[in-house]
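Okay, so here's the structure we're looking at.
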Amino acid sequence: MSDVLSFRQTVENFISTRGWTPTRFGRTIAGDPLFVFDLREGREPRSETRARIVKAMQDYQERDTPPPLRIGVAGLGNVGATLVGIIQKDGVDLTKKLGRKIEVVAVCARSRSRDRGIDISGLDWFDDPVALAKSPNIDLFVELIGGEDGPAFAAVKAALEIGRPVVTANKALLAKHGVALARLAEDNGAQLGFEAAVAGGIPVIKTLREGLGSARIHRVYGIMNGTCNYILTRMGNEGITFAECLKDAQALGYAEADPAFDVEGYDTAHKLAILASLCFGCEIAPDKIHVEGITRISQADIKVAADLGYKIKLLGMAQRSPEGIEQGVYPTLVPRHSAIAGVDGVLNAVALHTDHVSELMLAGPGAGGPPTASSVLSDILDIARGTRVPPLGVPSAELTPYVQAPMRIHEGGFYIRLNAKDVPGALAAIATRMGSAGISLESVIQRPDLRVIDPAADGQGTRTVVLLTHATMEANVRDALAQIAGDGFIVGEPQLMRIETL
C-alpha cells in the first residue's frame, strides 16, 4: 500500500471510529473543511501535509482518550472465567467501540492453581474479595461469587461505600439487599449494574430501566429458570419422569447437585422480586411471593395438559392493581399456541404488558457462561460510557413500600388432579364440596392411563381424577380441597395448577 493510500485509510478510520463528519475532521484536524472531500476525489496531499495531519490526529487521540477502565473480578467460575476470556480476546474491538480500553487487572477466587482455560498469570491475585473491592488499583468491581450474604455482600458493600461502581450477577444478593445496596450506590455516586442477575443473556433489566420511556407496566410474567424449563420440556417431548429428566440435567450441568433452589421455585422467586421492583417502582419483597416448584409434576399432568391444548411451564407472575401487587411462582398450564409455550429447553422469556406497547416479550438463553458473561459485559460497557441510571429504575427514596394485593378471581380457572378412593359416593362427595365452595366444574376426566400412585395404604383401590374449574378464587379451591381431604375420600396431596389464557 502506498503512503497516500495508507494515509487515506488512517483518516477514514479516525472519522469512522468517532462518528465524525468529513467537515468536522477538516476543520478540527486538517484546518480545511473541504480536505476530506478533496482527498476522496483523488487529491494527493504533499508528504509534509500528511505528516502534519497524522501528528494532529495523534495529538488529538492522546488528549481525547480516557485512561483504561481497570476491572477486578471476584469469582472465577464458569461465568467469571468466560468474562475474563472475552475481555482478553476481544479487547481491541471493545476499545474501538468505546474509545477507551477496558482490561481485567485483578482477580479473586478460592483456588489459584485451578485450570480455567484463561491466562491469569499477569493479573494481581487476591484471596479476599473485600480487599479486591477496595483496591486502589481497580476502577470497577465485578462480583460473581454468589450467595445472599457472606463475602459477596461484604465485597459489594465495601466497593459501593467508596464510590466504586459494581457489576453483579447475584440475584439472591439483590433479592435480599437490593434496596439497601441501591441506596448505598446512590449515596456514594456509584453505579450498580445487575443485568445478568435475571434471565441470563436477555437484556430485560436494561429494557426496564432505559428502554420503555414513560410506559406503565401492569403485568410481568415469564420463564426464568432454565433448569425447570429443560425438565418440563423433556417430560413433554419424551414421556419420561421428573426424576429421569433431573438426572440428565445434572449430568449436563443444567442442574446443581442439590437442585432444590431451582426446582422448588426459589430461584425464579428471587428474579421475579427484582423484576417487580423495576416494573412497579416498589421495594423488593421476595418473602411476599407464593412459591411452588415442579417436583410434583407427573406424566399424567403432562398428558392431560397436552390433550387439552396446553403445555406446563413454571412461570413467575406479578401484576399491579389498585389494591397492591400480586406475585407468584407456580407451574402453569399455558395455551400451546401462545408465545410463551414455544420457549423450550434451557431458554428463558420475560413478557411485559404495558399501556404503550401492549405485550413485549424478550426471549433467549437464560443461563450458562457466555450468555451470562455477555450481560455482565454489557453493564461494564455502560459504565465505561458513563451511563447513569438509578439501580432500581427510580431513586431508592422514591420506591413505594410493597403492598400485597388481595387474591382475585383467576379467570383461567384451575387444573386439579387428585387420587380418589374407588368407593361408592367418592366422586359425588368431591363434587358436592366443590359446589358448596362456589366452584363450577368445567369437566371431570378419568382415564386408566392417568394413574399416579398405588392403592391406598388401607388396601382400598384408587382412581386418578382430573377436575377443571371455571374462573374462581384460588383460596376457595384450596379450602374445598382441604375439606375433601378431611372427608377421607382421597389419598395423598392433590395437585393444583393455574390455567392461564394469556
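For the subset of the stretch 459-491 comprising residues that are modelled with pLDDT of 85 or more and of a type in the set (Gly, Ala, Ser), which member is farthest from the chain's Cα centre (by Cα)? Here the answer is 488. Do you know which residues across the stretch 75-86 are in a helix (DSSP H, G or I) and either closer than 22 Å to residue 127 by Cα or small (Gly, Ala, Ser) (or both)? Listed by number, the residues that qualify are 78, 79, 80, 81, 82, 83, 84, 85.
Pairs are defined by a Cβ separation below 6 Å, a sequence spacing of at least 6 or placement on different chains, a first member in the stretch 24-53 that is not assigned by TED's automatic domain parsing to the domain that holds residue 11 and of a type outside the set (Gly, Ala, Ser), and a second member that is modelled with pLDDT of 90 or more and not in a helix (DSSP H, G or I); no pair meets this definition. Would it be correct to say that residue 295 is part of a loop (DSSP other than H, G, I, E, B) and either polar (S, T, N, Q) or free of Cβ contacts under 8 Å to residues at least 60 places away in the same chain (or both)? So residue 295 fits the description; yes. Among the residues of the stretch 71-111, count how many are within 13 Å of residue 145 (Cα to Cα), surrounded by 16 or more Cβ atoms within 10 Å (Cβ to Cβ) and out of contact with any Asp or Glu (no Cβ under 6 Å at 6 or more places or on another chain). Final tally of qualifying residues: 11. For the stretch 334-359, the set of residues classified as without any contact (Cβ under 8 Å) to a residue 40 or more places away in the chain, out of contact with any Leu (no Cβ under 9 Å at 6 or more places or on another chain) and not in a loop (DSSP other than H, G, I, E, B) consists of 342, 358, listed by residue number. Just one of the listed residues (287, 267, 307) is within 26 Å of residue 179 (Cα to Cα) and either surrounded by fewer than 18 Cβ atoms within 10 Å (Cβ to Cβ) or basic (Lys, Arg) (or both), namely 287. Consider residue 18 carefully, then state whether it is basic (Lys, Arg), under 43 Å from the mean Cα position of the chain (by Cα), farther than 30 Å from residue 112 by Cα and modelled with pLDDT of 90 or more. Criteria not met by residue 18. The single residue among 381, 377, 347 that is closer than 30 Å to residue 307 by Cα and among the aliphatic types (A, V, I, L, M) turns out to be 347.
When residues in the stretch 480-501 are screened for being among the polar types (S, T, N, Q) and assigned to a strand (DSSP E or B), 1 of them pass.
Which of the following residues is assigned to a helix (DSSP H, G or I) and in contact with a strand residue (DSSP E or B) (Cβ under 9 Å, 6 or more places away or on another chain): 444, 452, 477? Step through it out loud before you land on a result.
On the way: 444 fails: assigned to a helix (DSSP H, G or I); 452 fails: assigned to a helix (DSSP H, G or I).
None of the others qualify; the one that does is 477.
Looking across the stretch 14-23, the residues that are in contact with a helix residue (DSSP H, G or I) (Cβ under 8 Å, 6 or more places away or on another chain), in contact (Cβ under 8 Å) with a residue 12 or more places away in the chain and not hydroxyl-bearing (Ser, Thr, Tyr) come down to 14, 15, 22.
Here is a check on your reading of the model: is residue 331 part of a loop (DSSP other than H, G, I, E, B) and touching a strand residue (DSSP E or B) at 6+ places or on another chain (Cβ under 7 Å)?
On the way: part of a loop (DSSP other than H, G, I, E, B): no; touching a strand residue (DSSP E or B) at 6+ places or on another chain (Cβ under 7 Å): yes.
Against the criterion (part of a loop (DSSP other than H, G, I, E, B) and touching a strand residue (DSSP E or B) at 6+ places or on another chain (Cβ under 7 Å)), residue 331 does not qualify.
Among the residues of the stretch 179-203, those identified as buried (at least 24 other Cβ atoms within 10 Å of the Cβ) and in a loop (DSSP other than H, G, I, E, B) are 194, 198, 199, 200, 202. Tallying residues that are outside any helix (DSSP H, G or I) and either among the small types (Gly, Ala, Ser) or within 10 Å of residue 350 (Cβ to Cβ) (or both) within the stretch 204-222 yields 6.
Would you pick out the residues in the stretch 226-239 that are crowded, with 16+ Cβ neighbours inside 10 Å and either free of Cβ contacts under 8 Å to residues at least 60 places away in the same chain or touching a Lys or Arg at 6+ places or on another chain (Cβ under 8 Å) (or both)?
First, the residues of the stretch 226-239 that are crowded, with 16+ Cβ neighbours inside 10 Å: 226-236.
229, 232, 234, 236, listed by residue number.
Quick one: in the stretch 472-486, of everything that is free of Cβ contacts under 8 Å to residues at least 60 places away in the same chain and touching a Lys or Arg at 6+ places or on another chain (Cβ under 7 Å), which residue is surrounded by the fewest Cβ atoms within 10 Å (Cβ to Cβ)?
Just the residues of the stretch 472-486 that are free of Cβ contacts under 8 Å to residues at least 60 places away in the same chain, to begin with: 476, 478-480, 482-483, 485-486.
From the residues that got through so far, the ones that are touching a Lys or Arg at 6+ places or on another chain (Cβ under 7 Å) too are 480, 483.
On the way: 480: 23, 483: 16.
Looking at the filtered set, the residue picked out is 483.
A residue that is outside the structural domain of residue 235 (by TED's automatic domain parsing), surrounded by fewer than 17 Cβ atoms within 10 Å (Cβ to Cβ), among the acidic types (Asp, Glu) and more than 30 Å from residue 99 (Cα to Cα) can be found somewhere in the stretch 378-401.
The values are calculated or read from the model by the stated rules, or taken from the named source; none is laboratory data. This structure is a prediction, so every number in the text was calculated from the model and none was measured. Here the Cβ is made from the backbone with ideal geometry for all residues, glycine too, and neighbour counts use every protein chain on show.
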